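Please read the structure below before turning to the comments.
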Amino acid sequence: MKFSRLVLVFEEMEKKSSRLAITHDVSEVFKTCSPKEAKRVTRLMEGIIAPPHEGIELGMADKLAMRAIEIVSGKSGKEVAATYRKKGDLGDAAEELLAQRRQHALAKSELSVEKVYDNFYKIAASGGGGSQDHKVKLLAELLSNAEPNEAKIIIRFVTGSLRLGAGESTIIDALSESRSGSKELSDEIERAFNLTSDLGAVAELLFEKGMQAVSAIKPKPFNPIKPALAERLESAQAIIEKIGGGGGSEGGAAGGVRGCSVEGKFDGFRLAVHKKGSRVEFYSRRQERVTHMFPDLAEAFKKQVAADEIICEGEAIGFNDATGTFLPFQDTMQRKRKHGVAEKAEEIPLKLVLFELLYFDGVDYTQKPYRERREKLLKLVKNAGGKGNRIDVAPAVIAKTAAQLQRFFDESVSTGLEGIVAKDLEAEYTAGARKFAWIKLKKSYSEKLADTVDVVVIGYYYGKGKRTEFGLGGLLTAVYDDKHQRFRSVAKIGTGLSEAQMTEFASTLGKIAVKKKPDDVDSVMEPDVWVKPRVVIEVNADEITRSPIHVAAAEKGKGGKGVDETNIGAGGGEGEAEGLALRFPRLVRLRDDKAAEQATTERELIKLFELQRKSRGQSSE
Ligand code: ATP
């Protein structure tokens, strides 16, 4: 397939055409794809070249990309830099500079999707000495055969600034449409994606073997599964009413209701464990392979878990053997490192508290009810609950009344846990989705704001006085609008960081600084420096308020679902689209286990706003 065909669609996507139109365009592209092309097209549309667990990322520095533009355009470094400054976007600069390069036009061969993808792959995979020159050469080869508009897309892709506006759900609908003419296959394709975390491979299978093969996909060791996510409710009572099968208070109708399971909420790293034979791998919440950080847990897992092939999930958390207590998150965090792993493992031993079984010896447990998954998990872990264990199973009770649930919550919090996760006994494992199969209740819910919020940094301010030295005075942050794939401003916050952390953070943000507001960011606030929306931080705040300056959850014109449409409140003045903002936000920690698209969504923010109103209503009664 010609790359130019794909570029036309990319350009449409960047223009933010309607989702329906984009889905249709993409499905037309898929219709002409071979299985291999379907895989490559899918990956390029996702903005990746390999699934996260392969650890192959493109992320080429602007400087290297500029060198390739210099070579191909015949311009000097200064001229390239000046055009970049003028345009504010390196892709636009490449387009302009290559359009001036008429004399080379004859030597060109038309780019194919295959050639572009393969060179991208080689750029990402090349490492070690001399690799920078090699990367520049591979990029220059593509640019020398590219039309100006193709060069624009190529440069945006390799520098990570291409924003296609087509999320994975659009690609899934397009795949379905290309095969069936409608969205009827979307749910099944999405299920396969959630189980494999590799949409490209699912697309290839669909085109090679058909839908039956996709529906037959089941979990496979070393293919990370997208994690199930928890919903929030405001109280024990609300949880029992939702998934406990009744609303009885203690001694009431408890006998007749089925209840729900309640587990402690451990505050460490979420880890998925995959084992086959003697190979054990750990994957993070973002499906990255992190086995090298936890050799102690891998050994313990082999000894304690009686399974040849298994996929399960849990939370790794620092543990003090002498006192039998868990360590605070800050201590556990120190285990997240590339160097000095063995020494730290001695100093801060971890316990892996398992809470889910997803696959065991050829059987897909994701589709079995929670009660069955848990029963099996308990059987597989030797000595669960025993002293000195490195691998354990999260203790759980069945709560039939709000009072029972509240009691377990209070006990959990008093032993230093974050709260509880209540689980629907009959629910399947909801891979990749935030559903009421799991409901979390945290100790912070009794505070003013029901939960911390994970926001994405979209820009920063230089700051005054001493802070100027670090180049970081404050952060402009956003929540994620997952429906339209946009980042919408929600808070400006002081960093609350130590000097050392501030210097490090400033350098992280410096690397993703951009000259103008990224296309997928909505904000009327202007920071001193815009950054690509990549870094996620967890913040606490006093409350969520309506705001005339932040645009999160604000009315977005036709078709947008603003906060006023949710009947949350009276709404702004005439023609005024009020957003939601965090009041007195404070940085809690970096969430480098989350990608920007996994930050708190606009919809969640609206829900938190509703929870806040409910809990105020209750407390004033
Ligand atoms: P949070 O910051 O509240 O952990 P999150 O967005 O990372 O939120 P959620 O799915 O909303 O994740 O909340 C569930 C999280 O709680 C899981 O990601 C997991 O890491 C953690 N957790 C701790 N203990 C348990 C448990 N017993 N069962 C399920 N999840 C648990």
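Scanning the range 359-380 for residues that are within 16 Å of the ligand (Cβ to nearest atom) and in contact (Cβ under 8 Å) with a residue 40 or more places away in the chain gives TYR365, THR366, PRO369, TYR370, ARG371, ARG373, ARG374, LEU377.
Per the listing ARG286, ARG258, the residue uniquely outside any helix (DSSP H, G or I), more than 14 Å from the ligand (Cβ to nearest atom) and modelled with pLDDT under 95 is ARG258. The single condition among (1) touching a residue at least 60 places away in the same chain (Cβ under 8 Å); (2) assigned to a helix (DSSP H, G or I); (3) within 28 Å of VAL453 (Cα to Cα) that ALA201 does not satisfy is (3). Of the residues making up the range 166-224, those that are among the charged types (D, E, K, R) and within 27 Å of SER284 (Cβ to Cβ) number 9.
If the condition is being away from the ligand (no atom under 16 Å from the Cβ), among the aliphatic types (A, V, I, L, M) and in a loop (DSSP other than H, G, I, E, B), then the range 307-358 contributes ALA307, ALA322, ILE348. Give me the pairs, please: first residue somewhere in the range 313-338 and surrounded by 12 or more Cβ atoms within 10 Å (Cβ to Cβ), second residue anywhere and in a helix (DSSP H, G or I) and small (Gly, Ala, Ser), beta-carbon distance under 9 Å, and either six or more positions apart or on two chains. The qualifying pairs are ARG335/ALA345.
The numbered conditions (1) closer than 28 Å to LEU605 by Cβ; (2) within 14 Å of the ligand (Cβ to nearest atom); (3) out of contact with any Pro (no Cβ under 6 Å at 6 or more places or on another chain) are all true for VAL456 except (3).
Does LYS516 satisfy being modelled with pLDDT under 90, out of contact with any His (no Cβ under 6 Å at 6 or more places or on another chain), farther than 28 Å from MET60 by Cα and in the same structural domain as PHE609 (by TED's automatic domain parsing)? Here the answer is no, as LYS516 does not meet what is asked. Candidates are the residues of the range 187-206 that are of a type in the set (A, V, I, L, M, F, W, C) and open to solvent by less than 30 Å² (accessible area, probe 1.4 Å); the one that is farthest from the ligand (Cβ to nearest atom) is LEU206.
Within the range 381-436, the set of residues being more than 14 Å from the ligand (Cβ to nearest atom), small (Gly, Ala, Ser), open to solvent by 20 Å² or more (accessible area, probe 1.4 Å) and part of a loop (DSSP other than H, G, I, E, B) comprises GLY385, GLY388. Scoring GLN212 on the criteria (1) outside the structural domain of ASP308 (by TED's automatic domain parsing); (2) within 16 Å of the ligand (Cβ to nearest atom); (3) open to solvent by 30 Å² or more (accessible area, probe 1.4 Å) leaves a single failure, condition (2). The sole residue among ARG534, ARG546 that is assigned to a loop (DSSP other than H, G, I, E, B), modelled with pLDDT of 85 or more and open to solvent by 30 Å² or more (accessible area, probe 1.4 Å) is ARG534. Find the residue count for the range 289-306, including only residues that are open to solvent by 10 Å² or more (accessible area, probe 1.4 Å) and either within 11 Å of the ligand (Cβ to nearest atom) or not in a helix (DSSP H, G or I) (or both). Residues meeting the conditions: 3.
When residues in the range 509-521 are screened for being assigned to a helix (DSSP H, G or I) and open to solvent by 60 Å² or more (accessible area, probe 1.4 Å), 1 of them pass. Residue count for the range 220-235 satisfying the condition of being away from the ligand (no atom under 16 Å from the Cβ) and either buried (at least 23 other Cβ atoms within 10 Å of the Cβ) or free of Cβ contacts under 8 Å to residues at least 24 places away in the same chain (or both): 0. Filter the range 359-380 for residues that are under 28 Å from ILE240 (Cβ atoms) and part of a loop (DSSP other than H, G, I, E, B); which is least open to solvent (accessible area, probe 1.4 Å)? In this case the residue turns out to be THR366. Under the condition of being within 9 Å of the ligand (Cβ to nearest atom) and either in contact with a Gly (Cβ under 8 Å, 6 or more places away or on another chain) or part of a strand (DSSP E or B) (or both), the residues counted in the range 580-608 number 0.
Given the structure, is ILE398 in contact with a His (Cβ under 6 Å, 6 or more places away or on another chain) and either at pLDDT 95 or above or within 26 Å of GLY259 (Cβ to Cβ) (or both)? Answer is no for this residue.
The values are calculated or read from the model by the stated rules, or taken from the named source; none is laboratory data. Note that the structure is a prediction, hence the values are computed from the model and not measured. Virtual Cβ from ideal backbone geometry, glycine too; neighbours counted across all protein chains shown. Heavy atoms of the whole protein, side chains included, go into the accessibility calculation; ligands, DNA and RNA do not. Shrake-Rupley method; radii C 1.70, N 1.55, O 1.52, S 1.80 Å.
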